[in-house]
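S.K.: Please see the structure below; I have some questions.
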Amino acid sequence: MINVTLMLGLVAVSVAGLVIDDRVLLGESVWVKPLKFGLAFTLYSGVLAWLLTKLHKARRLGWWTGTVFAIAATLEVAGITVQAARGTFSHFNANFADSVTVAMTQLFTYGVAAILIAQLVIAGVVLAQRSLSKPLTRAVRYGIGLATVGMLVPVWWMITNVRQRIVVDANGDEITMYQGHGIGDLDGHGMFLTNWSVTGGDFRVPHFVGLHGIHVLLLTAFLVGRLARKVPALRDELVQGRLLTVAGLAYAGLLAVLIWQAGRGQSLIHPDAATLLGFGTVAVIAIVGAATVLAVARHRQLVLLPPTARG
């Protein structure tokens, strides 16, 4: 929660920077990236902090693991903020003559590994204790899996597609970038705020969608629980859990289509017929799956009613 507080403070600072600082990197304010990371870690660290309150055993392990995550996340985002304040690039910056950039590169490399391992340990310990309801358990299980894939997708792309390009930072200096996050148009021509490419594939899209899958699924679990008050067929936790399974698999299908789309060098907002077919297939399977779960639940509920109450 200290990390959450720091991230909220960074959001405020970044918003102020957007207003008073006119420096830009590749067409967007130098403060956009710290703003996005501040918001992302506010959400993600908040969820992990909540998960740690569900521990009945191994609380010390949970505390230490949460502390590792918080420190790694704070240092990671601090490095991004320092580079933004300096008017230069944080990730992919190959200006190894700059000692600060070299230090930041090492920080990002080891910080990501610590963040990935820590969140897996936290989720694993919580799930092993079975302290959550069935829908929440499945939301966390699928959410952490999706987040892990979301973290690893851009890393896989960077490892398998090494390339260099020359760009200009906010100080007017030419910087060699040793890697990128997209296929096709790598720099500029981006969407508002996210800066996702509108002319080429961009692996930041599945990265974002994967990381925040846990938030979407937890919200889904909450909404299903609220609906259960009005819909009798949803009152059984087993039914709610099955609906979360459908939601988790559908979200995984969405993520798979987005990875496939980016890998083909296609912008999110310019899908071709094949991509639209992929999205449509995922949607149909999700609807049919949810309808099947509800139909079975209603049938079972009807069968269990006494004969006088069925009519």
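The values are calculated or read from the model by the stated rules, or taken from the named source; none is laboratory data. Only a predicted model underlies this, so the values are computations on that prediction, with no experimental measurement involved. Neighbour counts are summed over all protein chains in view; Cβ atoms, including those assigned to glycine, are modelled from backbone coordinates with ideal geometry.
S.K.: Mind listing whichever residues of segment 94-108 are outside any helix (DSSP H, G or I) and surrounded by 14 or more Cβ atoms within 10 Å (Cβ to Cβ)?
M.R.: 94, 95, 98
S.K.: Is it the case, given these coordinates, that residue 92 is among the hydrophobic types (A, V, I, L, M, F, W, C) and on the phi > 0 side of the Ramachandran plot?
M.R.: Working: among the hydrophobic types (A, V, I, L, M, F, W, C): yes; on the phi > 0 side of the Ramachandran plot: yes.
Taking the combined requirement at face value, the residue satisfies it.
S.K.: Follow-up question, since we're still on this one. Taking residue 111, is it among the small types (Gly, Ala, Ser), crowded, with 16+ Cβ neighbours inside 10 Å and at pLDDT below 90? Working first, answer last.
M.R.: Details: among the small types (Gly, Ala, Ser): yes; crowded, with 16+ Cβ neighbours inside 10 Å: yes; at pLDDT below 90: yes.
It is true that residue 111 is among the small types (Gly, Ala, Ser), crowded, with 16+ Cβ neighbours inside 10 Å and at pLDDT below 90.
S.K.: Here are 227, 255, 234: which of them is of a type in the set (A, V, I, L, M) and either on the phi > 0 side of the Ramachandran plot or at pLDDT 95 or above (or both)?
M.R.: Just one listed residue meets the conditions, 255.
S.K.: Moving on to the next point. Select from segment 69-91 the residues that are of a type in the set (Val, Ile, Thr), crowded, with 17+ Cβ neighbours inside 10 Å and assigned to a helix (DSSP H, G or I) and list them in ascending order.
M.R.: If the condition is that a residue be of a type in the set (Val, Ile, Thr), crowded, with 17+ Cβ neighbours inside 10 Å and assigned to a helix (DSSP H, G or I), then 74, 77, 80, 81, 82 are the ones that fit.
S.K.: Continuing with this model, one more query. Among the residues of segment 7-32, how many are closer than 19 Å to residue 79 by Cβ, surrounded by fewer than 19 Cβ atoms within 10 Å (Cβ to Cβ) and not small (Gly, Ala, Ser)?
M.R.: Total satisfying the criteria: 7.
S.K.: Under the condition of being assigned to a helix (DSSP H, G or I) and of a type in the set (Val, Ile, Thr), which residue from segment 265-288 is nearest to the chain's Cα centre (by Cα)?
M.R.: Here the answer is 282.
S.K.: Separate question: Restricting to segment 232-242, give me the number of residues that are loosely packed, with under 14 Cβ neighbours inside 10 Å and aliphatic (A, V, I, L, M). It would help to see each step written out before you state the result.
M.R.: So in segment 232-242, the residues loosely packed, with under 14 Cβ neighbours inside 10 Å come out as 232, 238.
Pick out the ones that are also aliphatic (A, V, I, L, M) and you get 238.
Looking only at that region, the number is 1.
S.K.: Just checking, how many residues over segment 261-295 are among the hydrophobic types (A, V, I, L, M, F, W, C), in contact (Cβ under 8 Å) with a residue 40 or more places away in the chain and closer than 30 Å to residue 240 by Cα?
M.R.: Residues that pass the stated criteria total 4.
Every residue, every condition in (1) over 27 Å from residue 168 (Cα atoms); (2) of a type in the set (A, V, I, L, M, F, W, C); (3) touching a helix residue (DSSP H, G or I) at 6+ places or on another chain (Cβ under 7 Å), yes or no:
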| residue | (1), (2), (3) |
| --- | --- |
| 27 | no, no, no |
| 30 | no, yes, yes |
| 68 | yes, yes, yes |
| 74 | yes, no, yes |
| 77 | no, yes, yes |
| 91 | no, no, yes |
| 98 | no, no, no |
| 125 | yes, yes, yes |
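S.K.: Which of the residues spanning segment 194-219 are aromatic (Phe, Trp, Tyr) and under 17 Å from residue 43 (Cβ atoms)? Before you say what the answer is, go through the steps one by one.
M.R.: Residues of segment 194-219 aromatic (Phe, Trp, Tyr): 196, 203, 208.
Selection gives 208 alone.
S.K.: For segment 48-67, what are the residues that are surrounded by fewer than 17 Cβ atoms within 10 Å (Cβ to Cβ) and part of a helix (DSSP H, G or I)?
M.R.: 50, 59, 60, 61, 63, 64, 67
S.K.: Kindly indicate whether any position in segment 240-247 is out of contact with any Cys (no Cβ under 8 Å at 6 or more places or on another chain), hydrophobic (A, V, I, L, M, F, W, C) and either more than 18 Å from residue 135 (Cα to Cα) or free of Cβ contacts under 8 Å to residues at least 12 places away in the same chain (or both).
M.R.: no
S.K.: Right, another one. Criterion first (surrounded by fewer than 18 Cβ atoms within 10 Å (Cβ to Cβ), in contact with a Leu (Cβ under 9 Å, 6 or more places away or on another chain) and at pLDDT below 90) does residue 198 satisfy it?
M.R.: Working: surrounded by fewer than 18 Cβ atoms within 10 Å (Cβ to Cβ): yes; in contact with a Leu (Cβ under 9 Å, 6 or more places away or on another chain): yes; at pLDDT below 90: yes.
Here the answer is yes, as residue 198 does meet what is asked.
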